[in-house]
Every structure is written in structure tokens, then in C-alpha cells.
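Written below as C-alpha cells is the structure these notes are about.
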Amino acid sequence: MLSFLILSGILHAQDSSQHIVPDRSNRVDQIKKPYIILISADGFRYDLADKFQAKNLIRLRSSGVTADYMESSFPSLTFPNHYSIATGDYPAHDGIVDNTFFDPSRNQIYTMGNRKEVEDSSWYDATPIWVLAEKQKMLTASFYWVGAEAAIQGIRPTYYYKFNSLIPMEDRIRFVRNWLQLPEEKRPHLITFYIPDVDHEEHLHGVDSKQTEDAVHYVDESIAQLVKTVDSLNLPVNYIFLSDHGMTDIDTLNTLTLPESVDTSRFVITNSQALVHMYAKNSADIIPAYNELKLAAKDYEVYLATNLPGRWHYSKKDDRYNRIGDIILVSNPPKVFNLNGRHLNPATHGFDPALPVMHATFYAWGPAFKSDLKIKGFENVNVYPLMTKILQLKITEPVDGYIKVLQPILKTN
């Protein structure tokens, strides 16, 4: 079914139909394996459940595992981090290096708002968890996830929806129940489930707003209903509740621009407020511009692609697809870049993932997990090997995450 949404005067078609890839079944040896529902509440900062007393999430996490926080990959933005969670690889290794970025070899900009690009599998590398499972004849389903709408390595989840704002939460939960009531040979063992509301309200109204508090309670109540519905089926379902990044309020009045001495006509520039990529049209222009920026820099850091902090795994040597700018500018919150003089919302993300305000949430519960366990913070690329361990899937290529990081949260057989 196609419906339409009007945004900024533009008519956008929204597809709310379920898509099913035909002629797939679980292989016999996959049928009795466990289930995972991977839930992402976008922008659900590590402290929001306690800050706004999300009583159901607090109760559910107490029956399983709570991390002090989960650290995003750099940059702490939605598309790179959802895809890194799905692949176990840092953004520079899986191709999705920002929400918006330039690929010089294609002479093309990828942006998360362009559905044609979002569904174009040639932008995505690595092996998302649903592709790994489907290759091993284990069925999967997606109620939204970055990359799930593209046929990566020719494969989409068996059951999936394209991202839209039309399907009410009660219907999404009902459809998940229906998937889990399918005959065993047709039943998905991995379901991804994405909820955008907290991120949306934080951006529009700020982290401490009543609207954000209401969105946290909406997510809390939705998860409670999802768990109640699924648990009534008496299946060995494991839940992983996490987020992609944190959020912080910003200074919308005193924003950052580039020095007038930098000739911006010599660069392709993309700007995610916290982060600016500058791609040189001529390599001879890189060092002069870098030097000018370093001299003028205030409230932001200036890096060459060859000298970004190693802990970000984002330097030129990490950049497998040449999609990171030759010069990178990273602002220090609450300052952000506003290169076009546009109206800015009061909160954003994308900053250094080591900052506590950028820390994400991680809770897990279900038959695979130990109970009433608290652990220290960890990087989000380690969720992938955790999921493969639970689902008993074989990792077929090297990834950046390690099972040893989260192995201790699993029950021993």
C-alpha cells in the first residue's frame, strides 16, 4: 500500500506494505535455535530510562543485563551506527561513514533522506546479521533497520517493511506476533525493530523537554506490550534493547562557520552539524586549507584524514572506500557548524563518542542472558558477535567486534 506524506511542501510516497521474499524456509537444523528481537530506540541516551523513570525497561533490564553505557562508533550518527551494530564493523570498514557523505569514485553524494540511495546495495559493504543468517538458511524479519531495504549481497530479510511513519505501534507488535506464529519452517529467528520517537522529540524540543519524557514513556510502554505479546507465545525469545547514540542540547545562536580565507569552491563539503567533511577537488589544496583552518579553529578540532584519533578507527588507513573527507572538522559541544545559515533544532549528536552525552543504551534479557547483571561500557561493534553466538551462526569474514567482550553476559550451558 502506498500512502503519501507532505514534508516541506514535497509529496513523499510511503510504502506501508509487508514485503516477503518467496521460496525461503528455515533449514532443518535452524528450526530449534533461539530467537532474537533486536530493538533500537533511536537517540535513547544511556541515562534516559532512569532520568524519566521508564518503569518497564527498568524492570526488564533487572531480569537480565544492563551496561553502564554502549559507546557509539564515530561519528555518533544514526546511519553509521545502526549499520555498525548490524555488521560488527566500524563505519570506515563497512562503507556508511556518515548520514551524508561524498564518494569521489562515483562523484556522488549518499544521503539518508534519498530513498533511491538508501535502497542501493552498492553503497553497503560488510555482511549484516540478517544477510549472514539468510545465507545460512535461517529466516529473518525487519521492522526497519538501516540497510535492510537494500539487497546487500543480493539478500534482504525474508520479511521486511520499508521505513514509514504510517503503521501504528499496536499493528507493528501484532505483525511481530504473527511472524512468530508462522509454521516453524517459515518463522524468523531474528527480528529487527526500530523506534524513532525519542530521537525525533529530542531534536525538536531538547533532551530535558516534556516531549522527550513523553517519548521515553511511549517507548517504555511499547516495549512492555511487545514483550507481553511475544512472551505469551512461549518461545525462547531473547531481547536486546539498545540505541545508536546519545544526544545533547546545543548552542543554536552562536554557530560555527568556515574562515573566509578558505576557498570552499575548491572542495566538496558535507555538514552534519557536529562534523564537516571537506573533499578536495585538487589534492594540492588540502594542506593550505588545513593550515588556515588550524589557525582559525575555535570550538572545533581540525584533522587531516591521515591523523584522526586512532580510537575512532576513522583515518585514511581505515577508509576502505575513500569516503572520508580529506579534512575533517569536529565541533566541541554545545557548538555546531551551520554552514548554510539554516534554522537549527535545539539538540543533536554526531560528536566524539567518548563524551558521556553521546553514550547509548544497552539492555538484554531472555533465556540466553544472565540475570541481574551490570557490566561496564563497551563498543557497539561487539553486539554482532553476541547475536551470532546466540543464534549459533558462523561468522564467515573478519569483523571488528569480539565475542570475548560480551561472552560473560551469556549463561553457560
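The values are calculated or read from the model by the stated rules, or taken from the named source; none is laboratory data. Not measured: the values here are computed from a predicted model. We place every Cβ from the backbone using ideal geometry, glycine too, and count neighbours over all the protein chains shown.
Some notes on this structure:
To keep it simple, each residue is scored yes or no on (1) β-branched (Val, Ile, Thr); (2) over 22 Å from the mean Cα position of the chain (by Cα); (3) on the phi < 0 side of the Ramachandran plot.
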position	(1), (2), (3)
47	no, no, yes
62	no, yes, yes
85	yes, no, yes
99	no, no, yes
103	no, no, yes
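- Note on segment 312-325: residues that are without any contact (Cβ under 8 Å) to a residue 60 or more places away in the chain and either under 17 Å from residue 99 (Cα atoms) or among the β-branched types (Val, Ile, Thr) (or both) amount to 0.
- Candidate set from segment 75-107 (those that are of a type in the set (Gly, Ala, Ser) and under 17 Å from residue 308 (Cβ atoms)); member that is surrounded by the most Cβ atoms within 10 Å (Cβ to Cβ): 84
- A count restricted to segment 315-356 and to residues that are closer than 22 Å to residue 258 by Cα, under 20 Å from the mean Cα position of the chain (by Cα) and part of a loop (DSSP other than H, G, I, E, B) stands at 6.
- Count - residues of segment 357-377 that are in a strand (DSSP E or B), surrounded by fewer than 23 Cβ atoms within 10 Å (Cβ to Cβ) and of a type in the set (A, V, I, L, M): 2
- The requirement of being free of Cβ contacts under 8 Å to residues at least 24 places away in the same chain and not in a helix (DSSP H, G or I) is not satisfied by residue 59.
- Checking each residue in segment 209-225 for being within 18 Å of residue 364 (Cα to Cα) and surrounded by 21 or more Cβ atoms within 10 Å (Cβ to Cβ) picks out 216, 219, 220, 223.
- Residue within segment 105-120 that is assigned to a helix (DSSP H, G or I) and either within 26 Å of residue 241 (Cβ to Cβ) or touching a helix residue (DSSP H, G or I) at 6+ places or on another chain (Cβ under 8 Å) (or both) present: yes
- Count of residues meeting criterion [within 20 Å of residue 241 (Cβ to Cβ) and among the charged types (D, E, K, R)] in segment 133-170: 1
- Residue check, residue 194 assigned by TED's automatic domain parsing to the domain that holds residue 61, at pLDDT 95 or above and either of a type outside the set (S, T, N, Q) or over 30 Å from residue 382 (Cβ atoms) (or both): yes
- Residue match in segment 84-98 (condition: outside any strand (DSSP E or B), free of Cβ contacts under 8 Å to residues at least 12 places away in the same chain and not assigned by TED's automatic domain parsing to the domain that holds residue 184): no
- Qualifying residue in segment 379-399 (condition: within 18 Å of residue 311 (Cβ to Cβ) and surrounded by fewer than 17 Cβ atoms within 10 Å (Cβ to Cβ)): no
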